[in-house]
Number of protein chains: 2
Amino acid sequence: MSSSGSHQESREADFILHPKWLVPMTEKGLVLSDHSLAIQGNKIVAIEPCESLKNTFKSVREINLENHLLIPGLINAHGHSPMTLFRGFADDLPLQPWLEEKIWPAESQWVSEEFVRDGAALAIAEMLRGGTTAFTDMYFFPEEIAKLAVDANIRTMLASPILDFPTVFAQDADDYIRKATELSDRYKNNNHVQVAFGPHAPYTVSDTPLQHISTLANELDIPIHIHVHENIQEVEDSVSKLGKRPLARLEELGLVSQLLQCVHATQLEDAEIALLAEAGVTVIHCPSSNANLSSGSCRTQDIVDAGINLCIGTDGAASNNELNMINEMRQAALQGKISASHAEATSAWEVLTMATVNGARALGQEESLGTLEIGKLADCVAVDLNHLNTQPVYDPVSTLVYSVQSQQVSHVWVDGKLNVENGELCSLDTAELIAKARSWANKIQ
Amino acid sequence: MSSSGSHQESREADFILHPKWLVPMTEKGLVLSDHSLAIQGNKIVAIEPCESLKNTFKSVREINLENHLLIPGLINAHGHSPMTLFRGFADDLPLQPWLEEKIWPAESQWVSEEFVRDGAALAIAEMLRGGTTAFTDMYFFPEEIAKLAVDANIRTMLASPILDFPTVFAQDADDYIRKATELSDRYKNNNHVQVAFGPHAPYTVSDTPLQHISTLANELDIPIHIHVHENIQEVEDSVSKLGKRPLARLEELGLVSQLLQCVHATQLEDAEIALLAEAGVTVIHCPSSNANLSSGSCRTQDIVDAGINLCIGTDGAASNNELNMINEMRQAALQGKISASHAEATSAWEVLTMATVNGARALGQEESLGTLEIGKLADCVAVDLNHLNTQPVYDPVSTLVYSVQSQQVSHVWVDGKLNVENGELCSLDTAELIAKARSWANKIQ
């Protein structure tokens, strides 16, 4: 006897998730209740009402997330992961003395491949634990970070650093540029790692290497990720030395294109916002760092209104002092209301868009990341709202941005694999990471 | 045989705490290592090097806090605890539509003694869990909050609300004032509860009741706690209607004295700062709420430099949306750097002073609270820094303010009794509090 021909066979799934609220970020305000999500391999294969999905899929693991919000993985669009070892090392100082008197001397004394590995490993663990599934990073020895990211199952875009002056990593601008292109070549088909050019800032890289970077970036079709217009002093110094603002100089040198990612950009005139919008530039807002170093306020709502792709970055832990994208969204929302002088500015939904959809676009991966949709890569985060500080819930996205602490992140999937389960990192050794951080701090302080 | 006459007898202690870092807040920058603290009854009876204290005291319980920072209990200088039931109910709106279109209509529909009890109970639990050991509160039915505070073992100063118009709590200004004086009388010898007058704001209380309040406050020697200069619109409306700014009006009415507590005060001219300093007024800064409602920026560093007692408040959860003094310190530090345009402003140590020493002064309890000193009341908080996001540690106070999440608070003592142990509330039922909050939200939304 054969089974009935009309019987539909179950499809396979590795995971079926049943969250209380599912926010796909495909549409502003859309919160799905009683919906489940199925993961097979590294992809999202279904998002359907619970009952229909239960009938269609046979799953290896079902995970009940009965008090949880499920969102796309958070994308940290700017940081310096190894600097986590300098967390709290030089607080309550402005940018220039912070850099020149504290950070650069400490870096020249301590940075090595081992420093980079231990600092980036701590940062990656903190980011995963807090729901970050992809991060853009600018630091020396980026290949060390690439290896860690692959091992830890987190996505990264490495903005390979470029400076005029020698460091332990490279001799001169050409040497830095060569290292960047070689790294890009080695990782060009990697599922977790992308490479970008990371000229540090207009004031640390001169015209010739900037033009060279522009040419190569266009050839290789990879982004240029640069700190620019971070504070008023940078702009004034450029005007007094060169007779032009840094962005005008970058434009003359041919860098202002859709490959450009401007980090900080606290000093933007209307015409500059129009220029960035017209050229399709990405702007990366680091609100905690901008406040911490008193760099200035980013005109977030004006930037969004101009149609610019605005993302959020934590910056390094030496100027933040945490790699916490949930706090950073809150900070972006609150600072945005202050700088716009109206409370509707930079709403909870807008900052979550910046941290997901816009972050994916900055990676050039808007087709595969940034939202929860069938066929996209399974990078998703569950947040437990069943805590005193997150009850009651009227709008789970508002609760996420304005009330959640990142330790409420309970589950994190990257590329379909579970990285955090019930608030614990699945494969990283927290105690060992902390012990290494302490051992560095004992030497450094 | 008798024991040797030279043998010194051990003293008794209920608790001996062995923290890694002990920050008494008696002196800026003072971090004690290898020191222990002994509690007997409701008092701190010793702070000594571990070894000497172990030899002197016999303790009922020794608590090893080997990765922890021990600080004085945090003092939340302004809030509306029952409004926790409106957390996230009306986000991304400016003050006037937030109040007039959302909060006041919802309050007139829902506020009752039961609402106050359930909302304040949730708030008290959240605050204790996050290291807050005393809070000033302004809301209807304050006696319900008083009873909860006594039961939950948390200190409170209840600013009994006063308005011109009727609510479910009182009929007219005289009725509100009578309720405030009666409450003050009933709680005048209570160890946990103090009472203040809580005129809502200059624009909701007219001259006659304000003068009456001033007279009574002087007679009873209790504070006047009022929202004032919260945003520019309040100031402009007053100027256009009355020809004077609200603070000028309060001064004319005799309210500007050391009994006055000005909440928000985002709009202060130099002369007003000088006036408040001269009169010994307390200012209470609510940075998250000020940003959330786009009310404006408080000139925190200027206020501190003028010698004014500046405290930190979370405000209610309808405009914050969390009662988290650790996040609020961070917010005060970051906003202070933006508003002062220099990064040394409102350092980590300064904001911790605001949240402890200055808060105690606002309660008129600087002799018994605000620092860890022998003879003071044992309100203290242990924070576990052994987390990925708080390593390494160079300065534990910087780590506390810029990196800690409040869920890292592990132990809280109020009046010598343990309220939170290993991150769990000792006597409050979290699940029941959450269930009640949900049930209210289901009705309200």
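In a DSSP loop and with at most 14 other Cβ atoms within 10 Å, the GluC sites (Glu not before Pro) in segment B:257-366 are B:E269. From its DSSP helices (H runs of at least four residues, each -39,500 (n - 2.57)), chain A gives a residue-normalised ellipticity at 222 nm of -10500 deg cm²/dmol. Scattering from the protein assembly as shown was approximated by placing one identical point on each alpha carbon and applying the Debye formula without solvent; log10 I(q)/I(0) at 0.10 1/Å stands at -1.11.
Run the dipole for segment A:171-265 about the Cα centre, Lys and Arg Cβ at +1, Asp and Glu Cβ at -1, nothing else charged, and hand back the magnitude in debye, nearest 20.
About 140 debye.
Coupling constants for segment B:220-237 follow from the phi torsions by the Karplus curve (6.51 cos²θ - 1.76 cosθ + 1.60, θ = phi - 60°), and in residue order they are 8, 6, 10, x, 10, 10, 9, 6, 8, 6, 6, 8, 5, 4, 4, 5, 5, 4 Hz; glycine and proline get x. Take each residue of peptide B:342-354, count the partner chain Cβ atoms within 10 Å of its Cβ, and average: the result is 3. The relative contact order of chain A comes to 20 percent, based on Cα pairs under 8 Å that sit 6 or more residues apart.
Ranked from shortest, the separations from the 7 Å Cα-to-Cβ label point of B:S10 to its equivalents in the other copies are 6.2 nm.
All other residues whose Cβ lies under 11 angstrom from that of B:I222 are scored, Lys and Arg at +1 and Asp and Glu at -1, for a net of -2. A Förster radius of 22 Å, combined with the Cβ-Cβ distance separating A:E100 from A:K244, puts the computed FRET efficiency at roughly 0.40. Going 7 Å from the Cα of B:D270 toward and past its Cβ, which residues in segment B:297-316 have a backbone nitrogen under 19 Å from where you end up? Backbone N within reach: B:298-308. Annotation: the antiparallel percentage among DSSP beta bridges lying fully within the protein assembly as shown is about 40.
Radius of gyration (Cα atoms) of segment B:26-120, expressed as a multiple of 2.2 N^0.38 Å: 1.82. Each of A:R61 and B:E432 was given a label point 7 Å from its Cα along the Cα-to-Cβ line. The distance between the two points is 3.6 nm. Extension gain, B:N442 to B:R178, is 91.5 nm, computed as 0.36 nm per intervening residue step minus the present C-alpha separation.
Calculate, for segment B:224-373, the solvent-accessible area per residue in square angstrom, rolling a 1.4 angstrom probe over the heavy atoms of the protein chains.
Ligands and nucleic acids excluded, the result is 28 Å² per residue.
Computed over segment B:166-292, relative contact order equals 20 percent, with contacts defined as Cα pairs under 8 Å that lie 6+ residues apart. Across peptide B:398-406, the mean count of Cβ atoms from other chains lying within 10 Å of each residue's own Cβ comes to 6. Amide H contacts under 5 Å for B:V195: B:L158, restricted to partners 5 or more places along the chain or on a different chain, H placed in the peptide plane at 1.01 Å from N. Distances from A:E421 to itself in the other copies, using label points 7 Å out along the Cα-Cβ axis, amount to 3.1 nm in increasing order. Take each residue in B:78-91, count the other chain C-beta atoms within 10 Å of its C-beta, and the mean is 4. Within the listed set A:V412, A:V351, A:V31, the Gaussian network model of chain A (springs between alpha-carbon atoms below 10 Å) gives the highest mean-square fluctuation for A:V31. Using 20 Å as the Cα-Cα cut-off, could you pick out the over-long pairs in B:K58/B:K417; A:K28/A:K417; A:K147/A:K436; A:K337/B:K443; B:K147/B:K188? Cα-Cα > 20 Å for A:K28/A:K417; A:K337/B:K443; rest within.
How big is D for segment B:74-362, in µm² s⁻¹ as a whole number, if Stokes-Einstein is applied with the Kirkwood radius of its Cα pairs at 20 °C and 1.002 mPa s?
D, rounded to a whole number, is 115 µm²/s.
Using only the Cα atoms of segment B:195-300, each taken as one equal point scatterer with no solvent, compute I(q) by the Debye sum, divide by I(0), and report log10 of the ratio at q = 0.14 Å⁻¹. The computed values of log10 I(q)/I(0) come out as -0.49.
For the protein assembly as shown, carbon and sulfur atoms together expose 46% of the accessible surface, with a 1.4 angstrom probe and every protein chain in place. Only bridges whose two residues both fall in segment A:74-362 count here: according to DSSP, what percent of them are antiparallel, nearest 5? Percent antiparallel among DSSP bridges in segment A:74-362 is about 0. Against chain B, whose longest principal axis comes from its Cα atoms, helix B:430-444 is set at around 10 degrees. Please state, rounded to one decimal and in Å, the Kirkwood hydrodynamic radius that segment B:83-143 gives when every pair of distinct Cα atoms enters the mean of 1/r. Taking the inverse mean of 1/r over all distinct Cα pairs, segment B:83-143 comes out at 12.8 Å.
About its Cα centre, the dipole of the protein assembly as shown is roughly 1280 debye, where the only charges are +1 on Lys and Arg Cβ and -1 on Asp and Glu Cβ. Rounded to the nearest whole Hz, the Karplus-based 3J(HN,Hα) values (6.51 cos²θ - 1.76 cosθ + 1.60, θ = phi - 60°) of segment A:124-133 follow the sequence 4, 5, 4, 5, 4, 4, x, x, 8, 10, with x at glycine and proline. In this assembly, the B-A interface accounts for approximately 5300 Å² of buried accessible surface in total, computed with a 1.4 Å probe and without ligands, DNA or RNA. Using θ = phi - 60° in the Karplus curve 6.51 cos²θ - 1.76 cosθ + 1.60, the 3J(HN,Hα) couplings for segment B:298-305 round to 8, 7, 4, 5, 4, 5, 4, 4 Hz; x is entered for Gly and Pro.
Could you work out how far helix A:173-186 tilts from the main Cα principal axis of chain A, as a 0 to 90 degree angle to the nearest 10? It is inclined by approximately 20 degrees.
Dipole magnitude for chain B: computed about the Cα centre from +1 point charges on Lys and Arg Cβ and -1 point charges on Asp and Glu Cβ, it is near 700 debye.
The values are calculated or read from the model by the stated rules, or taken from the named source; none is laboratory data. It should be emphasised that the depicted structure is a prediction, and the values quoted were computed from it without experimental measurement. Positions of Cβ are backbone-derived with ideal geometry, glycine not excepted, and every protein chain shown enters the neighbour counts. These area figures cover heavy atoms from the full protein model, side chains too; ligands, DNA and RNA do not enter into them. Shrake-Rupley method; radii C 1.70, N 1.55, O 1.52, S 1.80 Å.
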